[in-house]
Amino acid sequence: MGFSFRIANKSFDFLIFVILSTLLTTIHASIHIYQIQLFNEVGNAYLLPGGSEGLYASLSSDDSATDGRSFIRFENITFWRTQDAADEQSEMEHSSGLIQAVIFEAADRNNIGGSAYGGQRSICCTPDLAKLEGCKQGEVIRIPSATEINWPMVLSIQFNGNDLSTQMNNAEVSIKKTGMHNLFFIACDPKLKGTVMSGKTVWKNPDGYLPGRMAPLMTFYVYMAIAYLLLSAIWFSQYMRFWEDILQLQHCIAAVIGLGLFEMILWYLDYSNFNKTGMRPVVTTAWVVTVGAIKKTLSRLLILSVSMGYGVVRPTLGGLTSKVLLIGATYFVASELLDITEHVGTINDVSGRARLFLGLPDAFLDAFLILWIFTSLSKTLEQLQVSCNSLLSDLMIGDVTFLLCDNHAYFIQAKRISVKLDIYRKFSNALAVAVIASVAWITYEIYFKATDPFNERWQSAWIITAFWDILSFALLCVICYLWAPSQSSQRYAYSEDVGEEFDDEEAQSLTRGQSNGDVSLVKQEQKNGNAGISDEEDESEEDKRE
């Protein structure tokens, strides 16, 4: 009795360990490889987590079929105990150490282990639990599932005599029920402390080796690639049609569209290879996440540059260029590290809390960029509004200069700034909607992960990843719509001829609403005899475009 309570007091909660232990195993995709891994002491047991994946039920009941089956296969699983533990056994003993492989669904996690007199749960059967639960002392406590008497599945492996190692027979467990499946190797014998294991297990779904929570993403990336392809076709048709009028900003937009299409294709190819082979080559996956990190970085720098008025109300970023490049490089490194940790070489279904921790630098930089973007956008809007109001004020006053000559060019200038102001207002509204949606989704994501520690909602987990790609694509579509290539592109670009001048600092006014600029416009009209006619034609073109 005292021994049982002593064991209970030493035990960790088994359910909590299920969450933490999966973070200790290096998993190479759906082929889980174990390389001389040590069993960890957990309560009254020694335990090694073998993996956790969402698996769908087999579509075929024929064990000889190669397709439509879902299974967990054990290959070349070998255990080594310490030399001291082996020396304590007699050479003639048939069973001198027991190790059990336990497979169970997350929904049946309470069917593993038991509690004596309401104390903490114990994984292995103790004398008291043997009397209460009817379990066999020295083995894992297993309570049959209400729906399947042979589930959870327990496979036993024994050491013989004083052998230093033992090998598990290659076995294959067919999955007959859809769920989040967990595998643990458990030793209840205290003499097996220090035992290590090597080998591999192969986890397969009916449609391939892709884990259940990732399978929908392969189809999703096909649709996203088609969406980027359509956007590319529309954008580049306009891009080539109005090549001579293309702005520098539109070159940047074209680059982001191309990278987005390339990234979606690479993700699909990576997932397709993963699904066929069960492995994710490190080099291939590293290339995919690197392209994704570059695209995300350029997308954010594009939005920041647009917010600063680059190419539209200022010719360059001036003194801010180095700062923009620095934040871009920092964001790329943070994003690359996060994606490499999450995708390259490893896969783990119970990774929500770890991902939140690893994503903190990335989230901090995103928040900083959002603040900088809205600050810059606010200044750009303010400068455009001041310039527009200044022009309208001058027109209403009726300067002597305008009474003596044709002031049509002045109206064109006012119209251009008014159109720019309208574009930036629409852009700011789209950004505000995107930020609100992001904050709402982050809140939901935290709630989703916090309330589902065992990933029982794994079938809908792919939506968490897919949302960010959809939001990024939607915002890119808005930018493409607002700054689409056209014959009027250059009319709304930065132009010194209409008095739009910027210093390196953003605090300066967008335009110089002074009479000197007005006179220069009048002189320019007088030099170009047909300027009035061309301006009227341009204005009609603008009206059609609007």
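The values are calculated or read from the model by the stated rules, or taken from the named source; none is laboratory data. Because the structure is predicted, anything quoted here is derived from the model rather than measured. For neighbour counting, all protein chains shown are included, and Cβ atoms are generated from backbone atoms with ideal geometry for every residue, glycine included. In case anyone asks, the SASA skips ligands and DNA or RNA and just uses the protein heavy atoms, side chains included. Shrake-Rupley method; radii C 1.70, N 1.55, O 1.52, S 1.80 Å.
Numbers below:
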read-out: For I412: the one exception among (1) more than 30 Å from Y271 (Cα to Cα); (2) at pLDDT 65 or above; (3) among the β-branched types (V, I, T); value: (2)
read-out: Residue match in the range 235-251 (condition: of a type in the set (G, A, S), at negative phi and touching a helix residue (DSSP H, G or I) at 6+ places or on another chain (Cβ under 7 Å)); value: no
read-out: Identity of the residue in the range 318-359, in a loop (DSSP other than H, G, I, E, B) and open to solvent by less than 20 Å² (accessible area, probe 1.4 Å), that ends up modelled with the lowest pLDDT; value: V350
read-out: Residue in the range 131-153 that is over 42 Å from the mean Cα position of the chain (by Cα) and aromatic (F, W, Y) present; value: no
read-out: In the range 74-105, the residues that are more than 18 Å from F185 (Cβ to Cβ) and among the aliphatic types (A, V, I, L, M); value: A86, M92
read-out: Residue list for the range 180-208, filter: of a type outside the set (A, V, I, L, M, F, W, C) and buried (at least 21 other Cβ atoms within 10 Å of the Cβ); value: H181, N182, T195, T201, K204, N205
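Residues checked against (1) of a type in the set (G, A, S); (2) in contact with a Ser or Thr (Cβ under 7 Å, 6 or more places away or on another chain); (3) at pLDDT below 65:
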residue	(1), (2), (3)
L365	no, yes, no
L377	no, yes, no
T380	no, yes, no
S387	yes, yes, no
I397	no, no, yes
L404	no, no, yes
H408	no, no, yes
D422	no, no, no
